[in-house]
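What follows draws every value from the coordinates through simple rules; no lab data is involved. Note that the structure is predicted; figures quoted are calculated from it, not measured. Using ideal geometry, Cβ is built from the backbone for each residue, glycine included, and neighbour counts are taken over all protein chains shown.
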Amino acid sequence: MSTFYGEKTSSIIIVLTCFACFLITPSHSRTCFSYDWDIYIYNGIQDSTIDAHVKSKDNDLGHHNLTYDLGYTFGFCENYFENTLFWGDFTHGSQFVNFHVFDKAVISFIGGSTEHTNNVFWLLKQDGYYLSKEYKPYDDPAWTFWGHWQ
């Protein structure tokens, strides 16, 4: 009988070890059981720096300085209930804006697939912020105006 329990215990340890390895897999190789998203936020204002602070209910992604033509990227797996929300506070000089960088409205605009990673592209320009399904040159009319600076 001790052999049976020894084998059973060994099997449980192996399964738990594999599960633990799955849980600590780095985010750049994440495995999603729902939609997989990458969010790109770009500064399209020449000779400027924009302070970006992005967060959700559970995750504060910190402050990031976005210089012209460079941006900030983060990725995540959408939660099972498909109600994931990320918002950002953006400051450029005396201008400020706060908006949802990921919510149901963004999903409706972008669409989504469980087959691949879905991308959301934000562009902050002098007159406001823009959304696109794919990366485009900053002056491309495919960018959709989403709102003004305050």
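The aspartates and glutamates within cross-link reach of K104, meaning a Cα-to-Cα straight distance under 14 Å and a gap of 8 or more places when in the same chain, are E78, E82.
For segment 27-112, the set of chymotrypsin sites (Phe, Trp or Tyr not before Pro) satisfying both a DSSP loop assignment and a count of at most 13 other C-beta atoms within 10 Å is given as F33, Y80, F81.
Cross-link partners of K136 among aspartates and glutamates, defined as those whose alpha carbon lies under 18 angstrom from its own and excluding same-chain residues fewer than eight positions apart: D38, D69, D127. Per-residue Karplus couplings for segment 63-79, computed as 6.51 cos²θ - 1.76 cosθ + 1.60 with θ equal to phi - 60°, are listed in order as 8, 9, 8, 9, 8, 3, 6, 10, x, 10, 10, 8, x, 6, 9, 5, 5 Hz, Gly and Pro entered as x.
How would you classify segment 24-106 from its alpha-carbon gyration tensor, with a ≥ b ≥ c the square roots of the eigenvalues: rounded for a/c under 1.5, else prolate if a/b is greater than b/c, otherwise oblate? Judged from the Cα gyration tensor, segment 24-106 comes out prolate (a/c at least 1.5, a/b above b/c).
Loop-located GluC sites (Glu not before Pro) across segment 74-150 with a Cβ neighbour count of 14 or fewer within 10 Å are E82, E115, E134, with loop assigned by DSSP. Stretched out straight at 0.36 nm per residue, the stretch from E134 to Q150 would grow longer than its current Cα-Cα span by 3.2 nm.
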